[in-house]
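The values are calculated or read from the model by the stated rules, or taken from the named source; none is laboratory data. The structure presented is a predicted model; accordingly, all values stated were derived computationally and were not measured. Every residue, glycine among them, receives a Cβ derived from its backbone with ideal geometry; neighbour counts consider all protein chains shown. For the accessible areas, the whole protein counts, side chains as well, though only heavy atoms, and no ligand, DNA or RNA atoms are used. Shrake-Rupley method; radii C 1.70, N 1.55, O 1.52, S 1.80 Å.
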Amino acid sequence: MTSTSSWSAPDMTEPDTGPFWRSAQQRELRFPWCEPCGSFVSYPPRTVCPSCGGGDLPWHQVTGAATVYAATTIRRHPDPWFGARAPYVLGVVAMDDGPLLLSELLCDPGEDVVDRPAVLTWIDREAMTIPVFEVE
Amino acid sequence: MSSRAAIVGIHEYPHRVDRASSAMQIKARSAAAALEDAGLTLSDVDALYDAGEASRLGLLHTAEYLGVTPHVVGSTDLGGASFEGFVTDAAEAIGAGRCEVALITYGSTLRSTRTPPGGGQVAPPTPASNMERPWGLTVPGSYALAASRYLHQSGVTPEEMAGIAVTTRTHAMRNPLAVAGLEELGIRDIRELTVDDVVSSRLVADPLRVLDCCLVTDGGGAVVVASEEVARSCAGPPAWVLGGAASAGFVAPSSDLTTTAASVTGPDALRMAGVTIEEVDVAMLYDSFTITVLLLLEDLGFCGRGEAGVLASSGNLRWDVAGAPALNTDGGGLSSTHSGMRGIYLLIESVRQLRGDSTSQVEHAEIALAHGNGGQLAGRHAGATVVLGANA
């Protein structure tokens, strides 16, 4: 595998998760919502509800409030694009509105941030807008 | 429930670095050696199982290479847990009278070629991968997320977690294959570890450090599962398949990163075996990382929730200490071998223990539990448990 040193950007045409990334370009954080079950479908977002099997799930927006559920500082990555940016912090955030999301956390590498509140913010990465979380 | 199938032949490919061989060659050599160990030949094999790690349609290529025409086949890819799944399936097929001699073989050149299982073809995105790849999540990073949550909610410390690495290295130092492997891998300063060695090793993905992570090796192995009739005619003592189960796990809406599929397969396999967890003498638990073992100890019921840290640091998981099963007596993935899919080695060492042939032999070993974990923790993964016994 050649190291072409470019970001492995999200695929905005992937049928289940493409809408997530397309909404992100409008700075909107959206997840599929199952009305009959009264819950979001996340981790990953997908278009068939795992509780009732329902489809046609509308993408509802969530507020930016979340709590850090788990976090790690990536110290090395085999791909040069990510390797050059290490160390960086990734976390699973539990949105107050319900969904779980893997994202980048804005905090110090190695900082103990589990159970801390975090708030959504948007950054630009190679001509795309992506959601990251500022740890409070 | 009395068993009607047993593991009668085993072989662990000795090299941890092998730049000259292909995965298929390693599989074929391991298969031949395991059959020889059983006193059987390729022409006796009527069931073939393959995880497809050496190529797409791997079962077909392996059948062709070995010249085996099977009456029963299996190819469920559970990642590293595939082999525990195969033993479970083979025992069931044998018990149903569909076959008599099942061959399960594995080979990998992960270290030498850095080719991931399946041949390394670029796959189209899945929903999960499209939500992970853009962030630069690594495999250790994913396990580190599980460790982060587990340590936070249990209060277990990295020092306690390091106890897994310390005990496993103790076992490796007693295993000539493992020591030779560490030399092949170019590991300097091959010796027993202290907790301080582990927690002062370089961070890979916080909180996991180098010595919390398994080796990356080449390697392979094979096991032969046979019917009761064939088993009783083999020279060595059979390792009876008492129970087995396999499942898939993932991060559920309950958002728990610390519960694995072992919470399903362990109880299922033990119930099928008619064995309690307290009766397990040898625990071969998939150790891709120290955290993996902590979670498996709890999921399988070797200790209560949040108690794996105390168990790990107690020293009771050593081969020569009573009061808890002996853990990973070959030296584990952490200190012996991990060629991408470690499940076959869990079975091989379990059988050694039941034969009385282990380099860290548990006195009166009668029940061994092998649990494989495939895929990726803190993500979609597989669990497969096999319970083996010295008595049918």
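The number of residues in the range B:110-128 being touching a strand residue (DSSP E or B) at 6+ places or on another chain (Cβ under 9 Å) and either among the aromatic types (F, W, Y) or modelled with pLDDT of 95 or more (or both) comes to 2.
Considering the range A:87-97, the residues that are more than 8 Å from every other protein chain (Cβ to nearest Cβ) and either at pLDDT below 95 or open to solvent by less than 50 Å² (accessible area, probe 1.4 Å) (or both) include one that is nearest to the chain's Cα centre (by Cα), namely A:V93. Could you please let me know if B:E159 is touching a His at 6+ places or on another chain (Cβ under 7 Å) and either within 23 Å of B:L346 (Cα to Cα) or among the charged types (D, E, K, R) (or both)? When the stated conditions are applied, B:E159 does not pass them.
Looking at the range B:301-392, the helices (runs of 4 or more DSSP H) lying wholly inside it that each contain 3 or more residues that are hydrophobic (A, V, I, L, M, F, W, C) sit at B:308-313, B:343-355. In this structure, does B:A384 turn out to be hydrophobic (A, V, I, L, M, F, W, C) and more than 15 Å from the chain's Cα centre (by Cα)? The answer is no for B:A384.
The listed residues are B:S247, B:S233, and the only one of them that is in contact with a helix residue (DSSP H, G or I) (Cβ under 9 Å, 6 or more places away or on another chain), open to solvent by 10 Å² or more (accessible area, probe 1.4 Å) and not aromatic (F, W, Y) turns out to be B:S247.
Residue-by-condition table, conditions (1) within 14 Å of chain A (Cβ to nearest Cβ); (2) under 30 Å from B:A273 (Cα atoms); (3) among the charged types (D, E, K, R):
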| residue | (1), (2), (3) |
| --- | --- |
| B:E53 | no, yes, yes |
| B:R56 | no, no, yes |
| B:L78 | no, yes, no |
| B:E84 | no, yes, yes |
| B:V87 | no, yes, no |
| B:R114 | yes, no, yes |
| B:P124 | yes, no, no |
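Within the range A:12-28, track down each residue that is more than 13 Å from chain B (Cβ to nearest Cβ) and more than 14 Å from A:L57 (Cβ to Cβ). Within the range A:12-28, A:Q25, A:Q26, A:R27, A:E28 qualify. Considering the range B:27-129, the qualifying helices (runs of 4 or more DSSP H), each wholly inside and each with 3 or more residues that are open to solvent by 30 Å² or more (accessible area, probe 1.4 Å), run over B:58-66, B:110-113. From the list B:V156, B:V166, the one residue that fits, being more than 9 Å from chain A (Cβ to nearest Cβ), in a helix (DSSP H, G or I) and at pLDDT 95 or above, is B:V166.
Residues that are under 23 Å from the mean Cα position of the chain (by Cα) and among the acidic types (D, E) were ranked within the range B:189-220; the one that is nearest to B:R149 (Cα to Cα) is B:D212.
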